[in-house]
Amino acid sequence: MLSPNTNKLEIIGYDDKEKIFFVKSAAKQTVEVSDTFAEMFPLWVGRVLITAQNEKWAQIAGNITTGFATSVIAASAEASIERMVPADQTPDKRPGVLIQIYNRDRFELKGQLLGRIGQCVMTCPSTAAFNGLLGKRTLNIGSSLRYFGDGFQKKTIIGGRKCWKIPVMEGNFIVEDGFGAMEAVAGGNFMIFAKTQPEALAASEAAVDAIRQHVPDVIMPFPGGICRSGSKAGSAKYKLKASTNEDYCPTLRTIAPNTVVPENATSVFEIVLNGLTLEAVNKAMQIGVTASINSPGVIKISAGNYGGKLGPFKSYLKDAIGAPTTPTTTDTTSTH
């Protein structure tokens, strides 16, 4: 596994016409990296620390609470597990899991927190829910969920935090009174092009594993952290918010007029990143891109943007690979 401070990439050339870096991986294979950027936008985020009797039930609660939450294009939220938290770092001294939940504004976010904690955490054996974020706003989550106690609920203090004790059949459900919320960064991304589907998936898994191990404060909301169905805004034929991005589909390479798929690439996966800060997303981009480039069979790395019209945040692939600000054009005809 890569160290978060180690970049094992060697930049061996730059094509100024095509705007492509040529990078030699640790395995001495040459990978094209587009000189482009991922364009990101603000979403509101809440962060929930779920604790349980053991890691098994914390993980179960985290998984169910973050379900159907890949993209706000069509899902009700964007959410995923961030990381596990050891018992000595939680308010009730039990093992826990941190999750992040994103939405367009704090009002929709509050609704998602209420629904997901109330329906998914409170129903899960042995769990408790605590605030995991010191945000600019405080949302009244526990103080709203307490009414499920039908008058039998009581105030309590857990680890110095104001909480509610709601009686349930198992015993009591503990939920913190208020949960922090703030604007964060959503839509970080990079695409991995590989010779075969197994190689593309293996490289994507390596990127996800490296990010999860080395970068806190970020989530990857798609299944297993990986998206196979990258989309474009709108549709050429139907009334849809989004549709398949034909330029990135290997099966359409010969008919899509603006294809970006290399001739020898048969599979493409996208890693999508949301984070509490731009710095966290940038670090995840660096760690993930490096891990994927160093995986066998990878041909090209790129990123998606709308020319700066989608959002105010940008993460440049040249920064992810440690390229100079002004690359030197090199004759690369012998490298690929």
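Tell me, yes or no, whether the stretch 323-336 has at least one residue that is modelled with pLDDT of 95 or more and open to solvent by less than 20 Å² (accessible area, probe 1.4 Å).
So far as the stretch 323-336 goes, no, none of its residues is modelled with pLDDT of 95 or more and open to solvent by less than 20 Å² (accessible area, probe 1.4 Å).
For the stretch 31-61, the set of residues classified as polar (S, T, N, Q) and open to solvent by less than 50 Å² (accessible area, probe 1.4 Å) consists of S34, T36, T51, listed by residue number.
Scanning the stretch 67-77 for residues being touching a Pro at 6+ places or on another chain (Cβ under 8 Å) and either free of Cβ contacts under 8 Å to residues at least 40 places away in the same chain or open to solvent by 10 Å² or more (accessible area, probe 1.4 Å) (or both) gives a total of 2.
Screening the stretch 298-312 for residues that are modelled with pLDDT under 95 and open to solvent by less than 70 Å² (accessible area, probe 1.4 Å) and picking the one that is nearest to R228 (Cα to Cα) gives G304. Of the strands (runs of 3 or more DSSP E) lying entirely inside the stretch 1-89, those containing at least 1 residues that are more than 24 Å from T138 (Cα to Cα) span 10-15, 20-24, 30-34, 37-51.
Rundown of residues vs (1) surrounded by 19 or more Cβ atoms within 10 Å (Cβ to Cβ); (2) on the phi < 0 side of the Ramachandran plot; (3) touching a Ser or Thr at 6+ places or on another chain (Cβ under 6 Å), yes/no style:
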position: K154; (1), (2), (3): no, yes, no
position: I157; (1), (2), (3): no, yes, no
position: W164; (1), (2), (3): yes, yes, no
position: M169; (1), (2), (3): no, yes, no
position: V185; (1), (2), (3): yes, yes, no
position: N189; (1), (2), (3): yes, yes, no
position: P198; (1), (2), (3): no, yes, no
position: A207; (1), (2), (3): yes, yes, yes
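Only strands (runs of 3 or more DSSP E) whose full extent lies in the stretch 164-268 are considered here, and the ones with at least 3 residues that are more than 18 Å from the chain's Cα centre (by Cα) and in contact (Cβ under 8 Å) with a residue 24 or more places away in the chain are 172-176, 179-194. The residue that is surrounded by the most Cβ atoms within 10 Å (Cβ to Cβ), counting only those in the stretch 211-251 that are among the basic types (K, R) and closer than 21 Å to S292 by Cβ, is R212.
Cβ-Cβ distances below 6 Å connect the following pairs, each with a first residue in the stretch 96-109 that is of a type in the set (S, T, Y), a second residue that is surrounded by fewer than 24 Cβ atoms within 10 Å (Cβ to Cβ), and a separation of six or more residues or different chains: Y102/L43. Sub-6 Å Cβ pairs linking a first residue in the stretch 134-152 that is without any contact (Cβ under 8 Å) to a residue 60 or more places away in the chain and open to solvent by 100 Å² or more (accessible area, probe 1.4 Å) to a second residue that is charged (D, E, K, R) and part of a helix (DSSP H, G or I), at least 6 apart or interchain, are R137/R106, ordered by first then second residue. Note on the stretch 90-117: among residues that are open to solvent by less than 10 Å² (accessible area, probe 1.4 Å) and assigned to a helix (DSSP H, G or I), the one that is nearest to V168 (Cα to Cα) is I117. Exactly one of (1) under 19 Å from the mean Cα position of the chain (by Cα); (2) surrounded by fewer than 18 Cβ atoms within 10 Å (Cβ to Cβ) is unmet by I12. Its number? The number of the failed condition is (1). Take A38 and tell me if it is of a type in the set (A, V, I, L, M) and at pLDDT 95 or above. Against the criterion (of a type in the set (A, V, I, L, M) and at pLDDT 95 or above), A38 qualifies.
Condition check ((1) over 16 Å from G46 (Cβ atoms); (2) aromatic (F, W, Y)) across all residues:
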residue	(1), (2)
G96	no, no
I101	no, no
G135	no, no
G159	yes, no
W164	yes, yes
G171	yes, no
V175	no, no
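The values are calculated or read from the model by the stated rules, or taken from the named source; none is laboratory data. Here the structure is a predicted model, which means the values were calculated and not measured. Heads up, the Cβs are rebuilt from the backbone with ideal geometry, glycines too, and the neighbour counts pull from every protein chain shown. In case anyone asks, the SASA skips ligands and DNA or RNA and just uses the protein heavy atoms, side chains included. Shrake-Rupley method; radii C 1.70, N 1.55, O 1.52, S 1.80 Å.
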